[in-house]
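We did not get these values from a lab; they are worked out from the coordinates using the rules stated. Note that the coordinates shown come from a computational prediction; the quantities given were computed from them, not determined experimentally. Heads up, the Cβs are rebuilt from the backbone with ideal geometry, glycines too, and the neighbour counts pull from every protein chain shown.
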Amino acid sequence: LPFIKYINSMKKILIYNSGGGLGDSVQIMPFLLRLRNHYKTSDIFYLGAHKNHFQESLKEYNVKIDTLEMNLKYFGFRWWHLLFVKKDFNRKNSFKFDLIIDLQSKFRNSLILKRIPHKNFYSKTFNGFFSSKKIKLSSKDHLAELNFFLDEKIKTINFDCNKLPKYLINEAKKLLPKSNYIGFSITQGNEYRKKSWSIYKFISLANKSLIKNKVPVFFIEKNQEHIIEKIKNQVPRALFPETNSMLSCPALVTALSKRLDQAVSIDNGVMHMMSLANIPMIVLFGPTNSEKFAPKSDSIKIIDSKKIHGTSDIEAITVDEVYDLI
């Protein structure tokens with residue numbers, strides 16, 4: 001009975017995400033899904049520092065979450081937002097959030113976010129300094145720590161691809177009608193770090209996969225013609241499903257991924273779109289943090305150059321090291 005009362009008392013929940021990339025939003029979708037499933041009757045709001053991808057590029061995923069409109073760009077990244085929250089937001093809104101979940105770790109952003117009226121505040125910033133309750137765990141998984149923070153058990157559930165729009169599911173079946181497909185995502189969206197593995201290594205891996213009767217499927221944007229042509233010339237049986245469709249959206253990538261037996265990817269947004277299909281994956285990491293950015297799933301195998309070769313150079317990973325996991 002106390003447990004039920006506590007859940008029902010969570011009438012309003014706010015989730016803050018400071019990441020601006022599409023992949024940053026896709027990455028937190030499983031977390032949002034699990035929270036929405038647990039707090040079925042609660043009003044859950046999303047506050048992003050950048051544009052809300054859930055209402056634009058990711059709308060086909062139908063994430064059932066409201067948007068907290070601040071009418072501010074880069075919320076939390078400007079010190080004057082402290083005054084805005086104190087004067088404008090608090091003056092216009094008389095309610096308190098029962099729980100604010102801070103999914104980032106920047107001091108300024110957390111300080112500003114905490115000015116929004118609340119009863120409970122969860123944050124990893126400065127080892128939980130801002131949290132209303134001490135966080136004893138040191139996990140990279142927010143769900144695990146939130147379970148401890150709330151003294152609850154939020155069930156782990158996977159995204160259900162069957163709930164994608166039917167036209168996307170049918171398009172995926174049309175583009176990949178058979179079986180024995182292995183997917184590859186090879187390009188990075190943000191160039192600020194060298195996360196890409198050599199295209200020639202991917203070509204070698206694709207040709208090795210053919211020996212195991214796996215049909216290579218490459219997920220590459222249509223405007224990357226030079227990369228597509230290079231792969232076509234060296235892997236004649238490779239498929240590029242997105243180039244054969246008039247449709248183009250992240251949810252189509254997830255629907256196509258559900259048609260795969262397995263996938264290999266670098267750390268990028270497509271990797272997170274693929275992971276929603278809950279298929280076996282091999283993900284390559286170099287300069288970025290695999291514990292922080294890798295999808296939380298038992299079906300995903302991580303190859304991190306820092307851990308196995310002692311370097312952030314992703315090129316240190318060999319073709320055979322990846323092939324041995326296929």
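A few points about this structure:
- At q = 0.18, 0.25 Å⁻¹ the log10 of I(q)/I(0) for segment 72-129 amounts to -0.60, -1.08, computed by Debye summation with a single uniform scatterer per C-alpha, solvent ignored.
- Positive-pole candidate from TYR167, LEU113, PHE240, dipole of the chain, charges at beta carbon: LEU113
- Counting Cα-Cα pairs of segment 172-326 in 10 Å increments starting at 0 gives whole-percent bin shares of 11, 44, 38, 7, 0.
- Antiparallel %, DSSP beta bridges [both residues in the chain], to 5: 0 percent
- Degrees separating the helix 199-211 axis from the principal Cα axis of the chain, which is the longest one: 70 degrees
- The angle separating the long axis of helix 225-234 from the principal Cα axis of greatest extent in the chain is about 40 degrees.
- Dipole magnitude of segment 61-191 about its Cα centre (Cβ charges: Lys, Arg +1; Asp, Glu -1), debye to nearest 20: 340 debye
- If only the Cβ of Lys and Arg carry +1 and only the Cβ of Asp and Glu carry -1, the dipole of the chain around its Cα centre is close to 1100 debye.
- Dipole of segment 156-235 computed with +1 at Lys/Arg Cβ and -1 at Asp/Glu Cβ about the Cα centre; of VAL217, ALA206, ILE228, farthest Cα towards the positive end is ALA206.
- A cut-off of 5 Å between modelled amide H atoms, ignoring neighbours fewer than 5 places along the same chain, links ILE300 with MET281.
- For Rg/Rh (Cα atoms, Kirkwood Rh), the candidate list reads (i) 1.06; (ii) 1.00; (iii) 1.09; the entry that matches the value derived from this model is (ii).
- Charge dipole (Cα centre; +1 on Lys/Arg Cβ, -1 on Asp/Glu Cβ; no other charges) of segment 1-109 amounts to roughly 380 debye.
- On Cα atoms only, tilt of 166-175 relative to the major axis of the chain in degrees: 20 degrees
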